[in-house]
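So the structure is just underneath, and the comments pick up after that.
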Amino acid sequence: MDRETIWHLQNFNIFKAIPHDEMERLQDMVDTDWIKNRDPVYLQGEPTTWVYFLKKGLVKLSMTSAEGKTITVALLKPGEIFGELSGMDESDTSMEAIALENSYLCRIRREIFKEFVESHTGLVLSLNKILGLRIRRIQTAVRDLAFLDVPARLAKLLHSLCETDAEVKPNGHLITLRLTHQELANLIGASREIVTTVLGRFTEEGLLVQEKRRLLIKDPRQLKKYFPDQ
C-alpha cells in the first residue's frame with residue numbers, strides 16, 4: 001500500500017489519535033477498490049470478510065425483510081466506516097451495501113482490523129459510537145414504519161435531507177443527492193408508486209419542485225405539518 005492510502009486512513013476520525021508509526025503497521029494489510037455506480041460492495045447474507053472505509057462516493061446500506069420489503073438504513077458519505085462490525089465475528093452480514101456513485105474504498109480484513117482495534121482503546125470507543133448510531137437509525141426507521149404514514153415518512157426524510165444534503169438557493173433548498181423514486185421509497189419503506197403519488201401531491205401543494213431527479217424544497221419548515229410531533 002502506498003503513502004496516499006495511509007493518508008486516506010489517517011483522515012478518518014476514528015484514526016485521528018493513532019500515531020503515524022502505528023498506522024504504518026497497516027500499510028501492507030489495506031487494499032483499495034473502485035466500485036462502479038450501482039454495483040454491490042457486498043450483498044445481504046454474504047459471509048463478511050472486510051471492514052470498509054469510504055473515501056469518495058456514496059454507498060447505500062439497506063436490509064430486506066422476510067416479507068421482501070427493502071429498507072435503506074443509511075446513505076454513507078466519505079469518512080464513514082461500514083461492514084460487519086458488531087462483534088467482528090464470522091456471521092453473515094445483515095445488510096447489503098450498494099454504491100450509488102462511483103466510489104473509492106479502503107478495506108481491511110476483518111480479523112486484522114479486530115486485532116488492531118483491540119490494542120487501541122480509543123478505537124473501541126469510536127466503533128461503539130458508530131454501532132450505536134446505526135442501531136438508532138434502524139430503530140427510528142422501524143418506529144416510523146409503525147407510527148407514520150407514507151406522506152409523513154417522506155416529508156420527514158426530505159426535511160432531514162434539507163439539513164444534511166442540500167444547497168441553499170434563493171428559492172429553496174436543492175437536495176444534492178440524485179435519488180430515484182425507488183431509492184426514496186426504499187429509504188422510507190414504501191412502494192415506488194405511492195412515493196411518486198405523494199411527491200405529486202407535495203408538488204401540487206407548492207412544497208417542492210421536481211427537476212431531473214433533483215428536488216427543490218421551497219420551505220423545509222412547511223414539511224413539518226406532516227410530522228408535527230417528531
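Since every read-out is calculated from the coordinates, none of them should be taken as a lab result. These numbers were taken from a predicted model, which means no experiment stands behind them. A quick note on method: Cβ atoms are made from the backbone with ideal geometry, for glycine too, and the neighbour counts reach across all protein chains shown.
Here are the numbers for this structure:
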| read-out | value |
| --- | --- |
| Inter-label distance for Arg213 and Ser94, nm, one decimal - labels placed 7 Å from Cα along Cα-to-Cβ | 3.1 |
| Footprinting exposure proxy for Val124, Val150 (fewest neighbouring C-beta atoms within 10 Å first) | Val124, Val150 |
| Pairwise label distance in nanometres, Thr49 with Gln182, each label 7 Å out on the Cα-Cβ vector | 2.7 |
| Amide proton proximity set for Lys56, modelled H, under 5 Å, gap of 5+ | Tyr104 |
| 222 nm mean residue ellipticity, helices alone, for the chain (DSSP H n ≥ 4; -39,500 (n - 2.57); rounded to 500) | -12000 deg cm²/dmol |
| Rounded Å value of the spacing that divides the Cα centres of the stretch 164-204 and the stretch 103-128 | 35 |
| Calculated Cα extents along the principal axes in Å (choose from [x] 58, 41, 32; [y] 54, 42, 38; [z] 71, 45, 29), label | [x] |
| Over the stretch 79-177, equivalent-ellipsoid semi-axes from the Cα gyration tensor in Å | 32, 18, 13 |
| By average C-beta atoms within 10 angstrom, highest first, the peptides 70-83, 110-123 | 70-83, 110-123 |
| Neighbour-count order for Ile217, Ile108, fewest beta carbons within 10 angstrom listed first | Ile108, Ile217 |
| Approximate spin-label separation Arg136-Asn171, in nm, with each point projected 7 Å along Cα-to-Cβ | 3.7 |
| His120-Arg201 FRET efficiency (beta carbon distance; Förster radius 41 Å; 0.05 resolution) | 0.20 |
| Relative contact order for the chain, counting Cα pairs under 8 Å that sit 6 or more residues apart, in percent | 19 |
| For peptides 192-202, 95-105, sequence by mean Cβ density within 10 Å, most packed first | 95-105, 192-202 |
